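Quick notes on the structure that follows.
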Amino acid sequence: MSEPILTTKDLRKSYGDLEAVKGVSFSVLRGEIFSLLGPNGAGKTTTISMLSCLLSPSGGTAEIGGHDIISNSLDVRKIIGVVPQEIALYEELTARQNLHFWGSMYNMSGKALKARIDEVLTQVNLAERANDRVSTFSGGMKRRINIAVGLLHKPQLLFMDEPTVGIDPQSRRRILDMVKELRDQGMTVLYTTHYMEEAEELSDRVGIIDHGKLIALGTQAELTKVVGQQETLRLHLGEGHLAEDHLELFTAVQGVLSATALNGEMALSVTEAEEALPGVISKANAVALPIRSIDIEEPNLEAVFLHLTGRALRD
Amino acid sequence: MKKILTIGWKDLLLIFRDRGALILMLGAPFVLTIGLGLVSGAFSDTDNGTGLADIPVAIINQDEGELGAALVDVFNADGLADLLQPVAMGDVAEARRMVEDDEIAAAVIIPSGFTDSIIPQNATSEETGDVVAIDVYANPARPISASVVDGVVQDFVNRVETAVLAVNVSLSQLVTSGTLPMSELNQLPAIGQALSAQQIAAVQTDNQQLIEIRQDTATSDSSDFNPLAYFAPGMAITFLMYTVSLGGGRILQERDDRTLARLLVTPSSTTQIIGGKVLGIFFTAVAQVGVLVGASTLFFQLNWGDTLGVIMLILTVAIAATGWGMLLAAFARTPNQVMTYGSALMLTFGVLGGGFIDLPREGLLEWISRITPNAWALDGFVALGQGHTIADITTELLALLIMGALLFAIAITLFRRRTETILH
């Protein structure tokens, strides 16, 4: 990892009064997996759409491989690959026909294209289904062909926009392993996700984005330092009890820094779990609030997000 | 250009893999043509192209010489006895009436002086220069039978011409070599006298045609005209508007499927992408009309006429219709809207352009009908079906080209303005 392949400065995008991206600045180094982590609607896809020359920025600049994304978009598009969040394939064509078509769009042809198609089909484990129509594929298989299209022309920088949304755990595992293989082969990947675990597993560096702003950037270790030694107590409440109704109750407990609710669970950010736990249980008993179980979590990106925004990542 | 062709070919492939679309593009116009043909009695025509026999033909021999008689003999030859049923007549007007009333397939009129014009007995050399025409008056309702009669006449004429030319060439060789002095030509009997110095020169330089066959098709009212020659192109062009709507809708469908966004992040220009989409619609339109023309030729033995004219008309009507498809896509916001507008346009243009019924296009209706590719193309196809050539339909071809160019210009301007908004 050395010089940056991508640099953005104060990148912005507005739709009328709605500011979707509010001045994002970051760099992606050659050979790394850089994740943009943030909840739905945070501005991840809009950022990628601008960087892939699909949308014109409302302000700011970005360079990829030394080419400005606005004034030199053709050269940018030659060196990037894009795996969109949605399956962007022709379902009535076979996998091979799809790859041949998209390869042609990247100026590939003849034997070189044919050989590369065979290569990527093997890479995504779909060589046996090459001549089947995409419409007959499962969601996970379509996702893999979707990725294969992005890899076809061996891009220097690959944008992967939430590539594991809506697929089964087995396909998800395959895709995550594939992304790591790509990094091992020297490809640079800009990966967006709202899954904290994926960002933790894959990323060399992570940028946390929320409401169109990049609120933290660094390696996982650097980011978790932000929350210090904070731990998270995750309380699973009894049936019929909403976490939202009891947040204020627990913020008053000694050692509890903040409290948030998500799907019936309560997440308490604490300085020391062992120290805060007796007070939390005592308070719950005092108001007859049933607690089914308690998880103690070490500092992670979820905690970082919670610390920075006061909200859980999946809010 | 390669990318434009690749996108166009891909779109053609996708549409032809859509069974529902195929039914409407190819099945519906074909079935409707059959239906309208049955209703109009087109299939009860005696001249349906199969099992040709006893073709009624009138022979009016006004020539007093040997060649006129020889042609009559050809029509009465034993070898053609099963195929032809010649009737000798003397009244040209009556023969023409019989053709127009569909009583006979054709009338062959051998003019007075025909033999003398070829083998002058007493004529001067100046007179022999006139080309004499045998008139074949054909029944448009029996195109195949009429073409058989025409073929018999053509064969006879070819034989006579070959014989005359052979003699002329021989004599010209004798004259040019000095073996036969020009002054002695007048001493030669019969055919030798036909050879003037001018004719020698003509024979030496080109294959001048000595005998002309004047092919004439009866001007028929609707009852004489094969209705399929009207309904088949009418239906093909009407459903062409469905096809181009489908093609236009695919542009917005690509947006919904996110493949348009993916195309736009490849190193391809907007012009290449839009050009490819346009070509896709054009390819599909040409394929649709081409298949329908081929199928109706094969199954209905329909004679579409001058091949070059038919090809050019298919190409130009496809261009004009593609323009309409692009315009629909440029105005609509969803693929469903394109199809809704397209279906309305298909029916409106079908009626205005005369695809369903032969509306009397006069006055305002005539002007309105001219905004439809249907009217221009149908006029062209009917003209070709009646025996006209590509030269006779240049107005229709030009009108369709201009229509296509104008609609492209408007649609592409609108598309360029909407490139970013079309993605959302």
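Charge tally around A:Asn125: other residues with Cβ under 11 Å, Lys/Arg +1 each, Asp/Glu -1 each, net +1. When Rg and the Kirkwood radius Rh are both evaluated on Cα atoms of the stretch A:67-186, their ratio Rg/Rh stands at 0.96. Placing pseudo-labels 7 Å out from each Cα toward the beta carbon at A:Arg311 and A:Asp10 gives an inter-label distance of 2.7 nm. Across the stretch B:281-294, coupling constants 3J(HN,Hα) worked out from phi with the 6.51/-1.76/1.60 Karplus curve, θ = phi - 60°, read 5, 4, 4, 5, 4, 5, 4, 4, 5, x, 5, 5, 5, x Hz, and Gly and Pro carry x. The Rg/Rh ratio of the stretch A:229-298, with both radii computed over alpha carbons and Rh defined as the Kirkwood radius, is 0.91. Bridge orientation summary for the protein assembly as shown: considering DSSP beta bridges with both residues in this region, about 55 percent are antiparallel. Across the stretch A:224-266, the residues whose backbone nitrogen lies under 12 Å from the label position 7 Å along the beta-carbon direction of A:Ala286 are A:249-254. Of all DSSP beta bridges confined to the stretch A:4-218, the antiparallel ones make up roughly 55%. Exposure check, 1.4 Å probe, all protein chains in place: A:Asp168 carries approximately 60 Å² of accessible surface.
Ordering A:Tyr15, A:Tyr195, B:Tyr230 by accessible surface, largest first, gives A:Tyr15, A:Tyr195, B:Tyr230; the 1.4 Å probe counts only protein heavy atoms, with every chain in place. Can you compute the FRET efficiency between A:Glu181 and A:Leu18 using 1/(1 + (r/R0)^6), with r the Cβ-Cβ distance and R0 = 60 Å? Round to the nearest 0.05. For A:Glu181 and A:Leu18, the calculated efficiency is 0.95.
Translational diffusion coefficient of the protein assembly as shown (Stokes-Einstein, Kirkwood radius from Cα pairs, 10 °C, 1.306 mPa s): 49 µm²/s.
With every protein chain in place and a 1.4 angstrom probe, the accessible-area ranking of A:Asp177, A:Asp68, largest first, reads A:Asp177, A:Asp68.
Taking amide H atoms as placed 1.01 Å from N in the peptide plane, the amide H of A:Ile215 lies under 5 Å from those of A:Ile208, A:Ile209, A:Asp210, each 5 or more residues away in sequence or on another chain. Based on the convex hull around the alpha carbon atoms, the stretch A:1-118 presents an average projected area of 9.2 nm². Across the stretch A:129-139, rounded Karplus estimates of 3J(HN,Hα) from the backbone phi angles (6.51 cos²θ - 1.76 cosθ + 1.60, θ = phi - 60°) give 9, 4, 9, 9, 5, 4, 4, 8, 7, 6, x Hz, Gly and Pro being marked x.
Taking max minus min of the alpha-carbon positions on each principal axis, the stretch B:267-424 gives extents of 51, 37, 28 Å, largest first. For chain A, the longest principal axis of the alpha carbon atoms and the long axis of helix A:110-123 meet at an angle near 20°.
Charging the Cβ of each Asp and Glu at -1 and of each Lys and Arg at +1, and nothing else, the dipole of the protein assembly as shown about its Cα centre rounds to 3680 debye.
A 1.4 Å probe run over the protein chains yields, for chain A, 42 Å² of accessible area per residue, whole-number rounding. Contact with the other protein chains removes 10 Å² or more of accessible area, compared with the isolated chain and a 1.4 Å probe, from these residues of the stretch B:258-285: B:Arg258, B:Thr259, B:Ala261, B:Arg262, B:Leu263, B:Leu264, B:Val265, B:Thr266, B:Pro267, B:Ser268. Using the Kirkwood radius over Cα pairs, work out the Stokes-Einstein diffusion coefficient for the stretch B:253-333 at 37 °C and 0.692 mPa s, in µm²/s as a whole number. Estimated via Stokes-Einstein, D reaches 223 µm²/s. To the nearest 10, the accessible area of A:Ser109 is 60 Å² with a 1.4 Å probe.
Between the beta carbons of B:Thr297 and A:Lys78, assuming R0 = 45 Å, the FRET efficiency works out to 0.40 to the nearest 0.05. Rolled with a 1.4 Å probe across the full set of protein chains, the surface gives B:Asp101 an accessible area near 80 Å². Remark: for residue pairs A:Lys180/B:Lys277; A:Lys9/B:Lys277; A:Lys180/B:Lys2; A:Lys9/A:Lys180, the C-alpha separation exceeds 30 Å in A:Lys180/B:Lys277; A:Lys9/B:Lys277; A:Lys180/B:Lys2.
For the pairs A:Lys111/A:Lys142; A:Lys13/A:Lys154; A:Lys78/A:Lys213; A:Lys13/A:Lys213; A:Lys78/A:Lys142, note any where the Cα-Cα span goes beyond 21 Å. Listed pairs above 21 Å: A:Lys111/A:Lys142; A:Lys13/A:Lys154; A:Lys78/A:Lys213; A:Lys78/A:Lys142.
Modelled spin labels at A:Thr122 and B:Arg19, positioned 7 Å past Cα toward Cβ, are 3.7 nm from each other.
Taken over the C-alpha atoms, the stretch A:4-218 has Rg and Dmax values of 16.8, 50 angstrom. For a Förster distance of 25 Å, can you work out the FRET efficiency between the beta-carbons of A:Glu197 and A:Val226, rounded to the nearest 0.05? Between A:Glu197 and A:Val226 the formula returns 0.85. Helix A:273-286 and the long axis of chain A differ in direction by around 60°, with both axes built from C-alpha atoms. Ranking A:Thr7, B:Thr259 from most to least accessible surface, computed with a 1.4 Å probe over the protein chains only, gives A:Thr7, B:Thr259. Taking amide H as placed 1.01 Å from N in the peptide plane, A:Phe159 has its amide H under 5 Å from the amide H of A:Gly81, A:Val82, A:Val83, A:Leu190, each at least 5 places away in sequence or on another chain.
The values are calculated or read from the model by the stated rules, or taken from the named source; none is laboratory data. Just so you know, these numbers come straight off a predicted model, no measurement behind them. Backbone-built Cβ (ideal geometry, glycine too); neighbour counts: all protein chains shown. Accessible surface is based on the protein model in full, side chains and every heavy atom, while ligands, DNA and RNA are left aside. Shrake-Rupley method; radii C 1.70, N 1.55, O 1.52, S 1.80 Å.
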